[in-house]
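Take a look at the structure set out below.
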Amino acid sequence: MTTTYAVLSEGLEKRYGAVHALRGLDLAVPAGSVCGLLGPNGAGKTTAVRILTTLTTPTAGRALVAGHDVTRAPDAVRRAIGVTGQYASVDGDLTGRENLRLFARLAGLRGRPGRDRADGLLERFGLAGAADRTASTLSGGMRRRLDLAAGLIAHPRVLFLDEPTTGLDPAAREHIWTAVRELADEGTTVLLTTQYLEEADRLADEVVVVDRGRAVASDSPTALKARIGSHARVTVTRAEELAAAAAVLDRLTGAAPALDEERLGVGVSVADPGLTLPRLVRALDAAGVPVTDASLRPPTLDEVFLRLTGAAAPGPTRTTPPAGTPTPTPTPTHREDAA
């Protein structure tokens, strides 16, 4: 069965003078899937999104979005995509309904079709009851939902989401996550950049980790976590027992344990899938090591990120092109703040 890719890039490069932002980035995002694009600050994520949304052109390589070349057919790409940036871009002085109807008119949906599309999206995102309130009076979560609805006005085949839940409380974040999964289930392809690795873990069918302008790993969150194995941790009763616990873990795993003297803990990475928690506890008991706690858990996506990039989990700082880089004027469903 042939896979249809909604986003495809091959050898994508971008230079800003002496800055080599992308160094041969390859992406292949199947249609109807959610792809999480992760990487440390400065890795090239923002540059990649700017190219894929036609806000800038690549120095080398090629990219196709919804089957259209981003350099040769940028207008066709813009007609096929929606973009929702990190910060809500709706007009605070207009009501939610007025905002969506404005975006509908700018996208070419005039009259009844535009009004129906706006009203349908307000209903879908749970905003119908607040549709006639000015956007400035809405909560942060409601504004983000309104902004996401605006990005969907033109029925995009590919939706680019940049930090869609930044600053939201857990309930509001869960609402956005549900909406994103529903969109993918309906056939919309979603390319997600996020600072919340839990978000990528929950939403993404595939995660692409970008570092120094290249994709250094690409797989499902589960498969990526399986690459680095599990993590065993033991807590002993006294500091004098740390060495004995470490010796047991060393013998079972073949890896050098890390000691946490302050918390009386010993931790180690476990590559052997055959090591179980009962086996670990029996080995400690046989060695006469009393413990107050023992655990064996799979790695988090944060730990995968650290192992692959050597960097801490991404923070709030965003990558931007060097000062003075020209920026094209975006179209209504193709807003510049998404880069």
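A quick yes/no check of all residues on (1) over 13 Å from the mean Cα position of the chain (by Cα); (2) under 19 Å from T53 (Cα atoms); (3) open to solvent by less than 50 Å² (accessible area, probe 1.4 Å):
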{"site": "D132", "(1), (2), (3)": "yes, no, no"}
{"site": "H155", "(1), (2), (3)": "yes, yes, no"}
{"site": "A171", "(1), (2), (3)": "yes, no, no"}
{"site": "T188", "(1), (2), (3)": "yes, yes, yes"}
{"site": "T194", "(1), (2), (3)": "no, yes, yes"}
{"site": "E199", "(1), (2), (3)": "no, no, yes"}
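In this structure, is T333 modelled with pLDDT under 75 and touching a strand residue (DSSP E or B) at 6+ places or on another chain (Cβ under 6 Å)? Full working, then the answer.
Details: modelled with pLDDT under 75: yes; touching a strand residue (DSSP E or B) at 6+ places or on another chain (Cβ under 6 Å): yes.
Spelling it out, T333 is indeed modelled with pLDDT under 75 and touching a strand residue (DSSP E or B) at 6+ places or on another chain (Cβ under 6 Å).
Take the conditions of a type outside the set (F, W, Y), out of contact with any helix residue (DSSP H, G or I) (no Cβ under 9 Å at 6 or more places or on another chain) and surrounded by 15 or more Cβ atoms within 10 Å (Cβ to Cβ) and apply them to A226. Does it pass?
So A226 passes the test.
Can you tell me which of (1) touching a residue at least 60 places away in the same chain (Cβ under 8 Å); (2) in contact with a Lys or Arg (Cβ under 7 Å, 6 or more places away or on another chain) is the one L192 doesn't meet?
Against the list (1) touching a residue at least 60 places away in the same chain (Cβ under 8 Å); (2) in contact with a Lys or Arg (Cβ under 7 Å, 6 or more places away or on another chain), L192 comes up short only on (2).
Do any strands (runs of 3 or more DSSP E) entirely within the range 167-252 hold 1 or more residues that are touching a strand residue (DSSP E or B) at 6+ places or on another chain (Cβ under 9 Å) and among the hydroxyl-bearing types (S, T, Y), and if so, which?
Filter on the range 167-252 gives 189-193, 214-219, 230-236.
Residue under question is R318, and the condition is that it be of a type in the set (D, E, K, R), at pLDDT 55 or above and either within 30 Å of E241 (Cα to Cα) or in contact with a Ser or Thr (Cβ under 7 Å, 6 or more places away or on another chain) (or both); does it hold?
Values: of a type in the set (D, E, K, R): yes; at pLDDT 55 or above: no; either within 30 Å of E241 (Cα to Cα) or in contact with a Ser or Thr (Cβ under 7 Å, 6 or more places away or on another chain) (or both): yes.
No, not satisfied.
If you take the residues of the range 248-270 that are touching a helix residue (DSSP H, G or I) at 6+ places or on another chain (Cβ under 8 Å) and surrounded by fewer than 13 Cβ atoms within 10 Å (Cβ to Cβ), which of them is nearest to G229 (Cα to Cα)?
Selected residue: A256.
So N99 ticks every box in (1) over 26 Å from the mean Cα position of the chain (by Cα); (2) closer than 20 Å to A179 by Cα; (3) open to solvent by 70 Å² or more (accessible area, probe 1.4 Å) but one. Which box is left unticked?
Here N99 clears every test but (3).
Restricting attention to the range 24-54, which residues are in a strand (DSSP E or B), aliphatic (A, V, I, L, M) and either open to solvent by 20 Å² or more (accessible area, probe 1.4 Å) or without any contact (Cβ under 8 Å) to a residue 60 or more places away in the chain (or both)?
The one that is in a strand (DSSP E or B), aliphatic (A, V, I, L, M) and either open to solvent by 20 Å² or more (accessible area, probe 1.4 Å) or without any contact (Cβ under 8 Å) to a residue 60 or more places away in the chain (or both): A28.
Given the criteria of a type in the set (S, T, N, Q) and over 27 Å from P40 (Cβ atoms), does T237 qualify? Working first, answer last.
On the way: of a type in the set (S, T, N, Q): yes; over 27 Å from P40 (Cβ atoms): yes.
So T237 passes the test.
The values are calculated or read from the model by the stated rules, or taken from the named source; none is laboratory data. Please read these numbers as outputs of a predicted model, since none were measured by experiment. Glycine also receives a Cβ, built like all others from the backbone with ideal geometry; neighbour counts cover every protein chain displayed. Accessible surface areas use protein heavy atoms only, side chains included; no ligands, DNA or RNA. Shrake-Rupley method; radii C 1.70, N 1.55, O 1.52, S 1.80 Å.
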